[in-house]
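Just below is one structure, and these are the notes that go with it.
The values are calculated or read from the model by the stated rules, or taken from the named source; none is laboratory data. Treat the numbers as computed from the prediction; the structure is a model and nothing was measured. Please note: Cβ atoms are built from the backbone with ideal geometry, for glycine as well, and neighbour counts cover all protein chains shown. SASA here: full protein model, heavy atoms, side chains in, ligands and nucleic acids out. Shrake-Rupley method; radii C 1.70, N 1.55, O 1.52, S 1.80 Å.
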Amino acid sequence: METARFIAQKIEEIKTIAGADKAVSALSGGVDSSTCTMLAARALGSKLKSIFIDDGLMREDEPKDVQKAFAKLGVKVDIVNAQDQFFAALKGKLDPEKKRKAFRNIFYSVLGREVKKSGARFLIQGTIKADIIETKAGVKTQHNILEQIGINTQKGFGFKVIEPLRDLFKPQVRELGRALGLPEKIFLRMPFPGPGLSCRIVGQVTPERVALVRKATRIVEEELAVLKPFQAFAVLMNDLGTGVVKGKRKFGNIIIVRSVESQDAMTAEPSPASWDVLRNVTERILKEIPAVTRVAYEVTPKPPATIEYI
Ligand code: XMP
């Protein structure tokens, strides 16, 4: 891919498809949607409305941080608070695919509502090739795959989808993001799944459980940064484990620390973490989150495990 030519070609393509119509970009702050938003902003200027759906499943301070980062790039981002709707949709769901489907449905119904409100006819989103391959292969219900599996977005949600990154893998998207002027902290960012922290909670997704895994995620990201992993995060298990706190037995939460090396997320290896790193991250989680009594480091490759937990 010759980056400058690719950018020029995609800008033309977006202009031709959207014509004089308005479009909405659903920005999550990840590498793919950030790159896609920059491309769409170049193509459509003020005809593009960028929104960030706050689903309550994001990392700490994410909505405001993303809004600020894009303001610096000259792109205005509106935050749509839909936390209650997402928690209501996920309530009582335990099965991973049911959770994914519930997420996808509420995501697109909120998005459909916003697209309608804005008078736009198109949704521009940063689906990449690995997303399409894995969903088509039936590996998982990727949150942003619709038309490829026969879902008619025009009929179901009231908009048509434009996916300028659909033929690219992650390393190419990073290169594109850099060329479009994104700061390094965005184009080199670790991937983060569309359904957010719900992919890292086994069992019920409740605001309390999300808050717990969110805290652990920050600690894992900070302590494992030295490894420069492809992805590193915390997972909250459904089981509990016994601990001893101040001489009393306590049945507490179990956190899994997961860190992987990968090129394109299609396969992955566990990161070889030093004992110091593992001890530090464990100590911090136990100290800063008293509801946790056990921490484990995961060493399963993909396949057979997936990177996320649902
Ligand atoms: P898995 O867990 O299937 O994940 O090995 C592969 C890569 O994709 C990310 N991921 C997602 N990204 N929407 C996304 O945008 C999703 O529904 C989704 N599920 C997983 C995951 O973080 C990893 O990088």
Among the candidates P191, P171, single out the residue that is in contact (Cβ under 8 Å) with a residue 12 or more places away in the chain, outside any loop (DSSP other than H, G, I, E, B) and either more than 24 Å from L146 (Cβ to Cβ) or open to solvent by 10 Å² or more (accessible area, probe 1.4 Å) (or both).
P171
Suppose we filter L224, L182, L197 for residues that are within 29 Å of R42 (Cβ to Cβ) and either part of a helix (DSSP H, G or I) or in contact (Cβ under 8 Å) with a residue 60 or more places away in the chain (or both); which single one remains?
L182
Among L212, L236, L176, which is the only one that is hydrophobic (A, V, I, L, M, F, W, C), over 25 Å from A41 (Cα atoms) and part of a helix (DSSP H, G or I)?
L212
Would you pick out the residues in segment 143-165 that are within 16 Å of the ligand (Cβ to nearest atom) and either open to solvent by 50 Å² or more (accessible area, probe 1.4 Å) or not charged (D, E, K, R) (or both)?
H143, N144, I145, L146, E147, Q148, I149, I151, V161, P164, L165
Could you figure out which of (1) open to solvent by less than 50 Å² (accessible area, probe 1.4 Å); (2) out of contact with any strand residue (DSSP E or B) (no Cβ under 9 Å at 6 or more places or on another chain); (3) of a type outside the set (D, E) isn't true of R200?
(2)
Are there any pairs with C-beta distances below 6 angstrom linking a residue in segment 285-310 that is within 16 Å of the ligand (Cβ to nearest atom) to a residue that is part of a loop (DSSP other than H, G, I, E, B), with the two at least 6 apart or on different chains, and if so which?
K302/T267; E308/P193; Y309/V202
Looking at the structure I just gave you, is F70 more than 14 Å from the ligand (Cβ to nearest atom), open to solvent by less than 20 Å² (accessible area, probe 1.4 Å) and of a type in the set (F, W, Y)?
yes
Just give me the residues in segment 106-130 being more than 30 Å from Q172 (Cβ to Cβ) and within 16 Å of the ligand (Cβ to nearest atom), in sequence order.
I106
From the options V245, V281, V220, residue that is hydrophobic (A, V, I, L, M, F, W, C), within 16 Å of the ligand (Cβ to nearest atom) and more than 25 Å from Q172 (Cα to Cα)
V220
Return the residues of segment 206-230 that are of a type in the set (S, T, N, Q) and either open to solvent by 40 Å² or more (accessible area, probe 1.4 Å) or under 17 Å from E62 (Cα atoms) (or both); say none if nothing qualifies.
T217
